[in-house]
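Trainee: Input: one structure, supplied below.
We did not get these values from a lab; they are worked out from the coordinates using the rules stated. All values reported here derive from a predicted model rather than from experimental measurement. Glycine also receives a Cβ, built like all others from the backbone with ideal geometry; neighbour counts cover every protein chain displayed.
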Amino acid sequence: MEQLLNKIEAYKSEIDNAAAADAKALEEFRIKWLGTKGIVKEIMGEMKNVAPEKKKEAGQLLNEFKQYTEAKFELLKEASANGQSVAAASIDLSLPGDVMPIGSRHPITLMRNKIVSIFQRLGFAVAEGPEIEDDWHNFGALNLPAHHPARDMQDTFYIQQNPDWVLRTHTSSVQIREMEKGNLPIRMLMPGRVYRNETISARSHCFFHQVEGLYIDENVSFADLKQTLYFFVKEMYGKDVKVRFRPSYFPFTEPSAEMDVSCFICGGSGCNICKKTGWVEILGCGMVHPNVLTNCGIDPNKYSGFAFGMGIERPAMLKYGINDIRLFSENDVRFLKQFTSAI
Ligand code: PHE
């Protein structure tokens, strides 16, 4: 019995020191200790030499030893499955930790934050609203009554269960919600996702992002609108960029305009981005239509205001040289991890 105990102790310390650097060494360990002709089997055979009154004790010892060997084998196996050097199966606290991948902001978020931060310096606060809107907030209140032809300017997704609901086609709906609250003056920015029923391609998608702005107070004029947007353009695209306004039409603003900046890719000399014109369109804007103010319970004889709206995808594509709008929503980490720094 004494002899058996000593033998087991010796084997145990041998097992403690055992390592397996690769799969072959692991298999050798198994054959040597746990194989049909292995040491565990062999030592089990020694039971027959143990005196009858000691058999129970010896049986327990041997069983324990078997479990001990099996546990070590499992440990080595697990380590090799994890691709670790099996020799390191006993924990080495001096090893460096696993490197955690660092997340990054989405390019749309970066561009949105940049736009928002410029207007925040002019005192604009951020407002948000629902993406499923009722007809009134998305169209009616914005001077687009039912059957108004300008509704066709935006291809709308209607919600089947309730024809009064749409996926908002612009964040102008949030402007209505802010005006309805009646807390004047208003100086708000509305960033958010919008939906239009467009064929998905490299250049257009059925959802994208906008930032709209709204300023309502007494005596607000078109000059205020221009000055605000000039400031934005200089901060966003640099001091040397030129700006031009073209007359346009939106049902909710009068007069309305579209704003172009001199192409910041070619500096105005003409390239593919500006289609050789030297100008890039970046937003729509205008003075809030008196009907819109009235619809929201604001007296148009006392108050006036301006509104503007721009997409986020296009400036982001120009900024980062992205040539396919679909990349923004595919969540491919290889794409996303490139945008680690702020704009
Ligand atoms: N809502 C318009 C659009 O989505 C943009 C716009 C906003 C135009 C405010 C003028 C004033 O195209």
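Trainee: Binning every alpha carbon pair distance of the chain at 10 Å from zero, what are the percents per bin?
Mentor: For the chain, the binned pair fractions read 5, 18, 21, 13, 6, 6, 9, 9, 8, 4, 1, 0 percent.
Trainee: With charges set only on the Cβ (+1 for Lys and Arg, -1 for Asp and Glu), what does the dipole of the stretch 107-342 come to about its Cα centre, in debye to the nearest 20?
Mentor: Dipole magnitude for the stretch 107-342 comes out near 1040 debye.
Trainee: Using the 4.7 Å Cβ rule, please list in number order the cysteines from the chain without any candidate partner.
Mentor: CYS206, CYS285, CYS296
Trainee: Over the alpha-carbon set of the stretch 2-89, work out the extent along each principal axis and list the three values in angstrom, largest first.
Mentor: Principal extents (largest minus smallest coordinate, Cα): 48, 20, 16 Å.
Trainee: Once both axes come from the Cα atoms, what is the angle between helix 172-181 and the longest principal axis of the chain, in degrees from 0 to 90, rounded to 10?
Mentor: 80 degrees
Trainee: Considering every pair of different Cα atoms, what Kirkwood radius, in Å, is found for the stretch 175-333?
Mentor: Numbers: mean 1/r = 0.0586 Å⁻¹.
Result for the stretch 175-333 stands at 17.1 Å.
Trainee: What does the charge dipole of the stretch 177-267 about its Cα centre add up to, to the nearest 20 debye, if the Cβ of each Lys and Arg holds +1 and the Cβ of each Asp and Glu holds -1?
Mentor: In debye, rounded to 20, the stretch 177-267 gives about 320.
Trainee: Right, another one. Taking only DSSP H segments of four or more residues, each worth -39500 (n - 2.57), what value at 222 nm results for the chain once the sum is divided by all its residues, to the nearest 500 deg cm²/dmol?
Mentor: It lands at -11000 deg cm²/dmol.
Trainee: While we're here: In vacuum, with every alpha carbon of the stretch 117-206 counted as one equal point scatterer, what does the Debye formula give for log10 I(q)/I(0) at q = 0.11, 0.24 Å⁻¹? Two decimals, please.
Mentor: Here the Debye-derived log intensity ratios amount to -0.36, -1.21.
Trainee: Shifting gears a bit: Anyone know which of MET47, MET179, MET190 comes out most mobile in the 10 Å Cα GNM of the chain?
Mentor: Largest GNM mean-square fluctuation: MET47.
Trainee: Report the residue, chosen from HIS147, HIS137, HIS205, that carries the largest GNM mean-square fluctuation when the chain is represented by alpha-carbon nodes joined by springs under 10 Å.
Mentor: HIS147
Trainee: Of all DSSP beta bridges located in the chain, what percent are antiparallel, nearest 5?
Mentor: 95 percent
Trainee: Taking loop as defined by DSSP and a crowding limit of 13 other beta carbons within 10 Å, which GluC sites (Glu not before Pro) in the stretch 215-285 fit?
Mentor: Numbers: sites: GLU218, GLU235, GLU258, GLU281; in loops: GLU218.
Passing sites in the stretch 215-285 are GLU218.
Trainee: How much of the pair distance distribution for the stretch 96-246 lies past 27 Å, counting alpha-carbon pairs only, in percent?
Mentor: 36 percent
Trainee: More than 15 angstrom separation, counting every C-alpha pair in the stretch 162-209; what % is that?
Mentor: So the pairs more than 15 Å apart make up 56 percent of the total in the stretch 162-209.
Trainee: Let me ask something additional. Please check: in the Gaussian network model of the chain (C-alpha springs, under 10 Å), which one of PRO315, PRO145, PRO96 has the largest mean-square fluctuation.
Mentor: PRO96
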